[in-house]
Amino acid sequence: MARKIIDPITRIEGHLRIEVELDGNRIVDAWSSGMMFRGIEAILRGRDPRDAPLLTQRICGVCTHVHYDVATWAVEDAIGIKPPPAARIVRNLILGTQLVQDHLIHFYHLHGLDWVDVVSALSADPRKAQDLAHQFADDPWNADAKHLAAVKGRLAAFVESGQLGPFANGYWGNPSYKLPPEGNLLVASHYLDALDVQRLGGQVLAILGGKEPHTQTLVVGGVTCVADLLNPKRIGDVLFRIRKLGEFVRRAYIPDVLLAGSVYADEGLAGTGRGIGNYLAYGAYPLSDDLDRSKLLMPSGVILGGDLTRVHPFDPSKITEYVTHSWYRYPDETRGISSAEGVTDVAYTDLGPDGHVQGDGKYSWLKAPRYDDAPMEVGPLARVLVAYARGVPEVKALVDGTLSRLGVPASVLFSTLGRTAARALETRWVADTLPGWVDELVAALKVDDRTFTPYTLPREAVGFGLSEAPRGALGHWLRIEDGRIANYQCVVPTTWNAGPRDAAGNRGAYEESLVGTELADPDQPLEILRTIHSFDPCIACAVHVLRPSGPSRAYRVL
Ligand code: NFE
Ligand code: MG
């Protein structure tokens, strides 16, 4: 048995360390460690609850908007108000656009090169690459032979200069790369196109959100972008951009994932990277204006053991967090603590003396969230599976269409490839939905032009906000005492997926997904990157703690 460590894993946000135990080339055990230590939850104590949205948004600059959104819902939940319809729709539009932009960046710039060998693209025949593009799209994005020849020239210049820039240090030539040179050229070409196209998403966030990253037009009770909403030119600016984003998703992203799916189907069918098999979605994008947000675009639910015949109802009170293997202290570490009562008390131990994770030791700054005491995977695959199993027509059509196109059964979804494909399908789902929300907004404003619900802040209250960030289920819980925040807890997608073992020794989602994977070359652990990247790690989101340094309310980052 040999141990292998990848630290840090690149092309992600923050510092993630993965340690695996190998039996020959096969991974037999794995440990995921969040190695970054930050602070947000503790900063919020003692503050006005209305500060929570702006401060929690600073958790992360990647999912730049979601914490703002969820914190706003959480404070509104504590007050017992809902925003007017126009504000709800604007929030959906911002959240959805951010998801599309984030997923595009993820597939092309953070994950694509785990499937695509850019160096192999140099031996592609551009004319054949054009033909290949037409196999997966009627009207492929920017895929004529002349353009692809020019891209090939650009890539060759990169390589000849000896400065691969963003492509440096890849495991090029690894036998786990299976696309033909033409496929590699095509996706590499879209990699470059996506750098430009994703900006349209940022521009929509800036138009509706005032700025980007870190939008600023949400307030507890509603939104402040009133003038923009009533200005037809601004509405047109939004519509043009989200339509263009949708076009890229349909003509580049989906066909590129189909191309990859056709070549890597065996990996999916073998269940490589399957992981836990339990999936959790909180649900998101309220379509109704009742206080309970009873109608959602993305439904909530729990799938256990990969059983798509049964979706269990989601009950937020079943969420707890363990710290048995995390650098925190609980009075009783054999038990989890519910998010509403969450405790943040630092207990750093370092790893074992030999620099490796020790079996019973602490090894991560991430807590270990559990649902009904079971580990869960959250994210696009969880959302797509829950929606599919619940029979949401758009998702049924997208998933069934893709499976029949590739000639594979639904079981292929329970894999690294399935996780990557589900993200693409979800992007299409949301991108196709966004233009209709612009129409809904214009219509809603004609009936009711309120953008804000007045309220009185309670002295004592509890509340929580739940939604779906690009990487998965996101929740914020707060308790207000004497008009101030007494406790604030965030349980974020990457904590669910990247968290360590719990008291019973159950592995987290990253860890479980690696076990059983065979590495073609242990010195080039491409398969580990492929599976970990398929979750789209964000460690900035997953850890946010400070330690009090004394009796004053100053806090010191360790
Ligand atoms: Ni920093 Fe985040 C998302 C949140 S991470 S990116 O999506 O919430 O888990
Ligand atoms: Mg937390």
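The values are calculated or read from the model by the stated rules, or taken from the named source; none is laboratory data. Not measured: the values here are computed from a predicted model. Here the Cβ is made from the backbone with ideal geometry for all residues, glycine too, and neighbour counts use every protein chain on show. Remember, those area values only see protein heavy atoms, side chains included, never the ligands or the DNA or RNA. Shrake-Rupley method; radii C 1.70, N 1.55, O 1.52, S 1.80 Å.
Using Cα centres only, tell me the gap between segment 422-438 and segment 135-167 in whole Å. If we compute the Cα centre of each part, the gap is 27 Å. The Cα-based radius of gyration of the chain, divided by its Kirkwood radius, gives an Rg/Rh of 0.96.
Among the protein heavy atoms of segment 2-542, carbon and sulfur supply 51% of the accessible surface, probe 1.4 Å, non-protein parts ignored.
At what distance in angstrom do the alpha carbon centres of segment 328-392 and segment 45-94 lie from each other? Using only Cα atoms, the two centres lie 24 Å from each other. Among the listed pairs LYS244/LYS295; LYS128/LYS152; LYS244/LYS446; LYS4/LYS362; LYS82/LYS446, those whose Cα-Cα separation exceeds 22 Å are LYS244/LYS295; LYS244/LYS446. Screening the chain for DSSP H helices whose Cα atoms reach 15 Å or more along their own axis and whose mean Kyte hydropathy is at least -0.5 gives 66-79, 85-105, 145-160, 181-209, 232-248, 254-269, 393-406, 416-447. Take the Cα of THR456, step 7 Å toward its Cβ, do the same at ILE81, and the gap between the two points is 1.2 nm. Near the amide H of ASN487, under 5 Å away, which other amide H atoms are found, from residues 5 or more places off or on another chain, if H is placed in the peptide plane? Under 5 Å from the amide H of ASN487: ARG479. For segment 2-542, the antiparallel share of DSSP beta bridges with both residues in that region comes to about 95%.
Between the amide H of ARG501 and those of GLY508, distances stay under 5 Å, these residues lying 5 or more places away or on another chain, with hydrogens modeled in the peptide plane.
Residues in the chain average 36 Å² of solvent-accessible surface per residue, probe 1.4 Å, ligands and nucleic acids excluded. Classify segment 269-332 as rounded, prolate or oblate, taking a ≥ b ≥ c as the square roots of the eigenvalues of its Cα gyration tensor: rounded when a/c is under 1.5, otherwise prolate if a/b is larger than b/c and oblate if not. In terms of gyration-tensor shape, oblate. Phi angles of segment 453-458 translate, via the Karplus equation with coefficients 6.51, -1.76, 1.60 and θ = phi - 60°, into HN-Hα couplings of 10, x, 7, 10, 6, x Hz per residue; Gly and Pro are given as x.
Rounded to the nearest 500, the helix-only mean residue ellipticity at 222 nm of the chain stands at -12500 deg cm²/dmol, with each DSSP H run of n ≥ 4 adding -39,500 (n - 2.57).
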